[in-house]
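Report on the following structure.
The values are calculated or read from the model by the stated rules, or taken from the named source; none is laboratory data. What you see is a predicted model; the values in this text were computed from it and never measured. Please note: Cβ atoms are built from the backbone with ideal geometry, for glycine as well, and neighbour counts cover all protein chains shown. Surface areas here come from the heavy atoms of the whole protein model, side chains and all, with no ligands, DNA or RNA. Shrake-Rupley method; radii C 1.70, N 1.55, O 1.52, S 1.80 Å.
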Number of protein chains: 2
Amino acid sequence: MATTDMATTVNKTAHPFDKTRLDATLNRRFFYAPAFEIYGGVAGLYDYGPPGSALQANIIDLWRKHFIIEEGMLELDTTIMTPSAVFETSGHVARFADWMVKDSKTGDVLRADHLVKNVLEARLAGDREARGLEAAPPSDDKKRKKKNAKAAAVKLDDGVVREYESILAQLDNYSGPEIGELCRKHDIRNPDTDNEVGEPQQFNLMFQSSIGPTGQHKGYLRPETAQGHFLNFNRLLEYNNGRVPFASAQIGRSFRNEISPRAGLLRVREFNMAEIEHYVDPEDKRHPRFKEVRDLSIVLLDRHIQESGSSETTTITVGEAVDKGIIANETLGYFLARIYLFLINIGIDPKRLRFRQHMANEMAHYATDCWDVEIHNSTGWTECVGCADRAAYDLSVHSNKTGQPLVVRQALKEPIITEKEVPEWNKKNLGKLFKKDSAVIQQVVESLDEAGLLKLKGELAQGSTIVKSEDGREFTLTPEVVTIERKTFKQSIRDFTPNVIEPSFGLGRILYTLLEHSFWSREQDVDRGVLSLPPLVAPTKVLIVPLSAREEFDPLVQEISAKLRRAGVFSRVDDSNTSIGKRYARNDELGTPFGLTIDFASVQNRTVTLRERDTTDQRIGSIDEVIATVTDLVFGNIDWAEACRRLPAYDGVQAVD
Amino acid sequence: MATTDMATTVNKTAHPFDKTRLDATLNRRFFYAPAFEIYGGVAGLYDYGPPGSALQANIIDLWRKHFIIEEGMLELDTTIMTPSAVFETSGHVARFADWMVKDSKTGDVLRADHLVKNVLEARLAGDREARGLEAAPPSDDKKRKKKNAKAAAVKLDDGVVREYESILAQLDNYSGPEIGELCRKHDIRNPDTDNEVGEPQQFNLMFQSSIGPTGQHKGYLRPETAQGHFLNFNRLLEYNNGRVPFASAQIGRSFRNEISPRAGLLRVREFNMAEIEHYVDPEDKRHPRFKEVRDLSIVLLDRHIQESGSSETTTITVGEAVDKGIIANETLGYFLARIYLFLINIGIDPKRLRFRQHMANEMAHYATDCWDVEIHNSTGWTECVGCADRAAYDLSVHSNKTGQPLVVRQALKEPIITEKEVPEWNKKNLGKLFKKDSAVIQQVVESLDEAGLLKLKGELAQGSTIVKSEDGREFTLTPEVVTIERKTFKQSIRDFTPNVIEPSFGLGRILYTLLEHSFWSREQDVDRGVLSLPPLVAPTKVLIVPLSAREEFDPLVQEISAKLRRAGVFSRVDDSNTSIGKRYARNDELGTPFGLTIDFASVQNRTVTLRERDTTDQRIGSIDEVIATVTDLVFGNIDWAEACRRLPAYDGVQAVD
């Protein structure tokens, strides 16, 4: 059945991608499922089952190796529960909010911008249908729109179409009251009930709680891990022997009380993040390893292109993008490249990945530059990673609020020597002559610039000078009261607040998008789904399949399990009471890349067959040969073509697929 | 300086354990620190810094290998935010609470049982002092008591001493009102202010929040991960092909809003747990791998000993304890043994570990048996792991509440054939004769047992019988209305609710206790602290120490780092501007087991020295020899004695320690 050439004949796109089928598969195989399902579930909360947990753990493990270990980052594990003061300082209490509207009759709550988007996009789709154009909406989740805001096929005036398109293009820029205005002007109603909606109100997205028994200490669940890094900056700096650049990293749970989450893992109320805060000298944002990534080509959608109304991307090397100033600095460019390499490594399709720069009006006022790593999936382009140069904002606000300096004290290699003119007072004479006006006079003189001091010096050399206070009074000064001297200053320490480059990963979004990119159906049968996850991240690496649960296979199953475990390869045994073909089909859906079949020949000859998931190709060899080969496959030392060179094709009569 | 025999001469107990010094070391090296410290901190919330995070990650990694991978458990990752209904069912809303009292003047809140304990123990200590006996209190944190409840050296009446001791021994059994009574009777006041305290009030320990924008959906942060397992039982069972036994496992964050946490990592408001729920047939709690642990000796403190007022432990094999019925069943015994092996493996001192069985009045009413794994540290014996046989409680309550069956349907190998007598009604005649009394008559007959039915059968064979309703009325039945027939029943499916064995690990407590068990000071100098963490869990395995930050060492530093990374050994470079001795001392405090020194000889001869942390012994060899040796050491393939056989002692003039 299988031949050496099978590997090249797999057609993964024979059937178009079907989100409904993928969702059904993920649910049936318990990658993830709505949390509290037997209690009716809660929107935006999901539990990961065994394959989802393992996939997530493998992605996190690779992330840790790719970033923390490779770059010697300082890992942190900080608390989720956070006292209110921290988020008051960071700005989250005031600004981490979305606008919501209430259905005027049912009281149902909708996110205001999503409502406008759904309704207007549905109307535009209805218009295109009425004009006999293709009904496909320009972007985003078709199914959701179908459900939420079905609109009749009604032709709109050309002017209205242009107005809707213009509103949609800049939807992120509307304030709450402006969205309210839009709803009234365009009669935007709750599509579920056709009722009007009320005035938009702000809803803070942080879950609130109370710390301790008195009820007086307000706390929030963190919406990101970042503040935990910043607050520990001094300890981290000390751990790093006082030197920058260095980075802290944290993988952990965060919470956002989304208004009305309906997009599966793409918008949830509780999620895992992986965040890096890289602290760098604001005057030197070069990166020592930039040369390693300089020639990597990436796809960019920069802010100027977007501001010109286009979404055309450019393919450019990271080096060129930094040289041309499209990416603000080397360190930011280095991280964009490293993020790219990580995502490709875990199996994201490089053709469906782009870097979108934030436009000026989209970016936080303090940020120097910000890029979203967007990955394309069935709902459109989805932000999965953000990478911002946040300048000195975070450390500065916490330092200002707490009075704790959060700075680097750098010993200068060459002390900076400066000379300047300074007033030298004879305090005794000053007091005697001017009494309570002494302070005013000192202040006036000391606020003079270099030129002013030089002028004074010249006049004093002539005998006396007159200075004027703010309220217009004049005082005559002589060298008995003050002289101006040229002095030398030596600065050997430089204090500075480091800037922060922050790559921030939404692990659930990456995981879900990876599942979409990996899912296809076999050419011959749409019901035979396959998840082509790379072995590195696949939940189970090897499935051990004895022909049946008969006891005679037990010793070999034990032996092979133990040998794989010793080799560090995670395997599972499936000896369930069903055909080998069905067991392999189940594991194709679970993304298990390799299968070992144990049959009567195995017992007799100590041979096993090795099956590859994508091709269903099968090879045969001695137990130890096959274990060595599959170990090399799992760790990426060899590819399937090389495995085929090592092991002959299996052409036994025992059909196992 | 160092010789081959050094390994045997290390005296780790030269200086008595000093908690203050350990705490200072852990804080200075940023193992962990109070969270939000620059904002003044919040009691019971701690952040883990780089070495603490790495130690925790290594413990979790070993846990995953020891339990999940070794036993093929099904891993889960469920949400922390939980709707109220779930904890209403589980009993947490009603009962997961502690009693608190308020200071009558300041309003400060204290945990009621802790207050009684602190005050009475302090009085007993004062009594012992007054009697000229040793002032050491019988158990628990001396420092805390000193701070909280210092009592004068006052001699008490012998009767009072006995009363206090009796109260302390059964403190867990007092209700809130009873504790209030105790406070009044014994004049127990807030030791910080000497004010009286009010009536004890119940305080639920779950953090409460609200899910979604309406404020109508109450949610709690989970105080344990267990409910997330139980709610997914049906999916897990299906994933396991419908068969028990199997286990689910989860490592994750949980929250408890402690009233007044003051015991460092031992009592915190946010913590990581690792929990296993092992589902087993209630009629067969044997374990297939029990034979592997049968001969392991463990130290037990069983319920009978405790109920007799003693705390004398028994050393016994797991097999004997199960055979004698001290441990309720094989599966429970298997997990106690596996927990023991895990704890010893990560470095817990086996001499400071015991299994304490819950007494009857301490155990949840539904539980069959429950053991705490207690580890001794400077605060006394501390529960670090619990292991309970929870019977069918959890699955039953959720099933009853939701109406979803949470059962195993087991196809019986041999169908169970039963014969029994059953009434066969002639419904037409019954209705005609008895009208609305028909139902009453049917109920009376069908509630009869086998003997009753046989008696009826005999009488009916004679022509007629009389039955009596509950209210005393009599009805005459004939074979025209009812006959009693012998029928055969065949049952081929058995439905049952599995029992749950639950090992539950508090990772922070284990981590802290491990740090205590690992900490000592060098013989010659109390200021030279060492953390003798086993290489398996040590945050950094190898420290690379170039003589200085001079560029000529860079190529070797790079080469050695890269080779160690390829071998899977986590290393760090310390090229800071301080002596090699100081750098090693810093890393002794961080628990780094091995050091590689790169000096001028390294550049010339490609040799490096290998230093062992506990002995400070140094060996020398070629770069590749040393890397191979240290890799074997880190993965536990060889011990230091073997390393000394492989590599000669370093006797260079360059003193590095």
Checklist outcome for this item: A careful count of residues in the range A:186-201 that are closer than 30 Å to A:Ala94 by Cα, of a type in the set (S, T, N, Q) and open to solvent by less than 50 Å² (accessible area, probe 1.4 Å) gives 1
Next on the checklist: Cβ-Cβ distance below 6 Å, separation of 6 or more or different chains: which pairs start in the range A:200-216 with a residue that is touching a residue at least 60 places away in the same chain (Cβ under 8 Å) and more than 10 Å from every other protein chain (Cβ to nearest Cβ) and end on one that is surrounded by 16 or more Cβ atoms within 10 Å (Cβ to Cβ) and among the small types (Gly, Ala, Ser)?
Outcome noted: A:Pro200/A:Ala112; A:Pro200/A:Gly176; A:Pro200/A:Gly180; A:Gln202/A:Ala97
Next on the checklist: So for the range A:401-417 (the condition being of a type outside the set (Lys, Arg), in a helix (DSSP H, G or I) and within 28 Å of A:Glu71 (Cα to Cα)), does at least one residue qualify?
Outcome noted: no
Checklist entry - Before we move on, is A:Arg286 more than 15 Å from A:Leu507 (Cα to Cα) and open to solvent by 20 Å² or more (accessible area, probe 1.4 Å)? => result yes
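Here's a check for you: in the range B:169-182, which residue that is among the hydrophobic types (A, V, I, L, M, F, W, C) and open to solvent by less than 40 Å² (accessible area, probe 1.4 Å) is modelled with the lowest pLDDT?
Checking each candidate, the answer is B:Leu171.
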Checklist entry - Taking strands (runs of 3 or more DSSP E) that do not extend beyond the range A:473-591, which have at least 1 residues that are open to solvent by 10 Å² or more (accessible area, probe 1.4 Å) and under 25 Å from A:Asp18 (Cα atoms)? => result A:499-506, A:519-521
Checklist entry - Of the residues in the range A:553-591, how many are without any contact (Cβ under 8 Å) to a residue 24 or more places away in the chain, closer than 15 Å to A:Arg613 by Cα and facing chain B (nearest Cβ under 10 Å)? => result 0
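Has the range A:285-293 got any residue that is of a type in the set (Asp, Glu) and over 18 Å from the mean Cα position of the chain (by Cα)? Reasoning before the result, please.
Here is the first cut: in the range A:285-293, the ones of a type in the set (Asp, Glu) are A:292.
Then keep just the ones that are over 18 Å from the mean Cα position of the chain (by Cα); that gives A:292.
Checking the range A:285-293: at least one residue is of a type in the set (Asp, Glu) and over 18 Å from the mean Cα position of the chain (by Cα).
So, of the residues in the range B:252-267 that are under 15 Å from the mean Cα position of the chain (by Cα) and at the interface with chain A (Cβ under 9 Å from one of its Cβ atoms), which turns out to be nearest to A:Asn27 (Cα to Cα)?
Just the residues of the range B:252-267 that are under 15 Å from the mean Cα position of the chain (by Cα), to begin with: B:252-256, B:265-267.
Now restrict to residues that are at the interface with chain A (Cβ under 9 Å from one of its Cβ atoms): B:252-253, B:255.
Working: B:Gly252: 22, B:Arg253: 24, B:Phe255: 29 Å.
This residue is B:Gly252.
To keep it simple, each residue is scored yes or no on (1) acidic (Asp, Glu); (2) out of contact with any helix residue (DSSP H, G or I) (no Cβ under 7 Å at 6 or more places or on another chain); (3) modelled with pLDDT of 95 or more.
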{"position": "A:Gln208", "(1), (2), (3)": "no, yes, yes"}
{"position": "A:Ile211", "(1), (2), (3)": "no, yes, yes"}
{"position": "A:Gly215", "(1), (2), (3)": "no, yes, no"}
{"position": "A:Gly219", "(1), (2), (3)": "no, no, yes"}
{"position": "A:Phe233", "(1), (2), (3)": "no, no, yes"}
{"position": "A:Pro245", "(1), (2), (3)": "no, yes, yes"}
{"position": "A:Gln250", "(1), (2), (3)": "no, no, yes"}
{"position": "A:Asn272", "(1), (2), (3)": "no, no, yes"}
{"position": "A:Phe290", "(1), (2), (3)": "no, no, yes"}
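Inside the range A:308-351, can you point out the residues that are in a loop (DSSP other than H, G, I, E, B) and in contact (Cβ under 8 Å) with a residue 24 or more places away in the chain?
Once the filter is applied, which keeps residues that are in a loop (DSSP other than H, G, I, E, B) and in contact (Cβ under 8 Å) with a residue 24 or more places away in the chain, the range A:308-351 yields A:Gly309, A:Thr313, A:Ile326, A:Ile327, A:Ala328, A:Asn329, A:Gly347, A:Ile348, A:Asp349.
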Checklist entry - Does B:Ala321 meet the test of being in contact with a Leu (Cβ under 9 Å, 6 or more places away or on another chain), under 30 Å from A:Ile211 (Cβ atoms) and modelled with pLDDT of 95 or more? => result no
Checklist entry - Among the numbered criteria (1) assigned to a helix (DSSP H, G or I); (2) within 8 Å of chain B (Cβ to nearest Cβ), which single criterion is violated by A:Lys291? => result (2)
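Quick one: is A:Val93 within 28 Å of the chain's Cα centre (by Cα), open to solvent by 20 Å² or more (accessible area, probe 1.4 Å) and at pLDDT 90 or above?
Values: within 28 Å of the chain's Cα centre (by Cα): yes; open to solvent by 20 Å² or more (accessible area, probe 1.4 Å): yes; at pLDDT 90 or above: yes.
Criteria met by A:Val93.
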Item to check | Selected residue (criterion: farthest from the other protein chains (Cβ to nearest Cβ)) from residues of the range B:43-83 that are crowded, with 24+ Cβ neighbours inside 10 Å and over 22 Å from the mean Cα position of the chain (by Cα) | outcome: B:Pro51
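Checking the condition charged (D, E, K, R), under 23 Å from B:Ala367 (Cβ atoms), open to solvent by 10 Å² or more (accessible area, probe 1.4 Å) and in contact with a strand residue (DSSP E or B) (Cβ under 9 Å, 6 or more places away or on another chain), which residue from B:Arg294, B:Arg269, B:Arg256 passes? Give the steps one after another, and end with the answer.
Numbers: B:Arg294 fails: under 23 Å from B:Ala367 (Cβ atoms); B:Arg269 fails: under 23 Å from B:Ala367 (Cβ atoms).
Among B:Arg294, B:Arg269, B:Arg256, only B:Arg256 is charged (D, E, K, R), under 23 Å from B:Ala367 (Cβ atoms), open to solvent by 10 Å² or more (accessible area, probe 1.4 Å) and in contact with a strand residue (DSSP E or B) (Cβ under 9 Å, 6 or more places away or on another chain).
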Next on the checklist: Tell me whether the range B:233-240 contains one or more residues that are at the interface with chain A (Cβ under 10 Å from one of its Cβ atoms), under 30 Å from B:Leu395 (Cα atoms) and without any contact (Cβ under 8 Å) to a residue 12 or more places away in the chain.
Outcome noted: yes
Next on the checklist: Take the conditions more than 7 Å from chain A (Cβ to nearest Cβ), open to solvent by less than 30 Å² (accessible area, probe 1.4 Å), assigned to a strand (DSSP E or B) and among the hydrophobic types (A, V, I, L, M, F, W, C) and apply them to B:Leu110. Does it pass?
Outcome noted: yes
Next on the checklist: For the list (1) closer than 30 Å to B:Leu353 by Cβ; (2) open to solvent by less than 40 Å² (accessible area, probe 1.4 Å); (3) not in a helix (DSSP H, G or I), I need the number of the one condition that B:Glu421 fails.
Outcome noted: (1)
Next on the checklist: Filter the range B:86-107 down to the residues that are part of a loop (DSSP other than H, G, I, E, B), out of contact with any helix residue (DSSP H, G or I) (no Cβ under 8 Å at 6 or more places or on another chain) and of a type in the set (Gly, Ala, Ser) and list them by number.
Outcome noted: B:Ser104, B:Gly107
Checklist entry - Can you tell me which residues in the range A:504-529 are within 13 Å of A:His15 (Cα to Cα) and among the basic types (Lys, Arg)? => result A:Arg522, A:Arg528
Checklist entry - Quick one: which of B:Leu412, B:Leu406, B:Leu433 is crowded, with 20+ Cβ neighbours inside 10 Å and more than 30 Å from B:Ser297 (Cα to Cα)? => result B:Leu406
Checklist entry - If you scan the range B:631-648, which residues turn out to be in contact with a strand residue (DSSP E or B) (Cβ under 6 Å, 6 or more places away or on another chain) and not in a loop (DSSP other than H, G, I, E, B)? => result B:Trp640
